[in-house]
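The values are calculated or read from the model by the stated rules, or taken from the named source; none is laboratory data. Bear in mind that the values here come from a model prediction, so they are computed numbers and not experimental data. Positions of Cβ are generated from backbone atoms using ideal geometry, with glycine treated the same way; all protein chains shown enter the neighbour counts. For the accessible areas, the whole protein counts, side chains as well, though only heavy atoms, and no ligand, DNA or RNA atoms are used. Shrake-Rupley method; radii C 1.70, N 1.55, O 1.52, S 1.80 Å.
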Amino acid sequence: MTDARRLRTDLSLRASGVLSLAIAATAIYTLARLHQQTGALAFLLATIGFLCASAGAMLVVVGGHIHDPVRISARWQRAR
């Protein structure tokens, strides 16, 4: 049962990443069609495109392993 749950979680995270990449592509395409207009809309579209592309790429690549623990070298651990 846990394997099915992990698979479902992994696939839903990756699907969310693809959706986020689609939103980023739409925002960047709309930004490109503005034809050199600067203003709040252009900055908003650029921000949406950047954030959605970054998050979408991360979700597609990492998927369900986003919460896996990471080993930290002894050099970078906090002193106790």
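Residues in region 6-57 that are basic (Lys, Arg) and in a helix (DSSP H, G or I) were compared, and the one that is modelled with the highest pLDDT is Arg14. The residue of region 12-27 that is farthest from Val60 (Cα to Cα), among those that are open to solvent by 60 Å² or more (accessible area, probe 1.4 Å) and either touching a residue at least 40 places away in the same chain (Cβ under 8 Å) or touching a Leu at 6+ places or on another chain (Cβ under 6 Å) (or both), is Val18.
One residue stands out among those in region 28-53 that are surrounded by fewer than 14 Cβ atoms within 10 Å (Cβ to Cβ) and touching a residue at least 12 places away in the same chain (Cβ under 8 Å): the one that is farthest from Val18 (Cα to Cα), which is Ala46. Regarding Thr9, is this residue open to solvent by 60 Å² or more (accessible area, probe 1.4 Å) and within 18 Å of the chain's Cα centre (by Cα)? Yes, satisfied. The residue that is farthest from Leu7 (Cα to Cα), counting only those in region 58-79 that are open to solvent by less than 80 Å² (accessible area, probe 1.4 Å) and assigned to a helix (DSSP H, G or I), is Met58.
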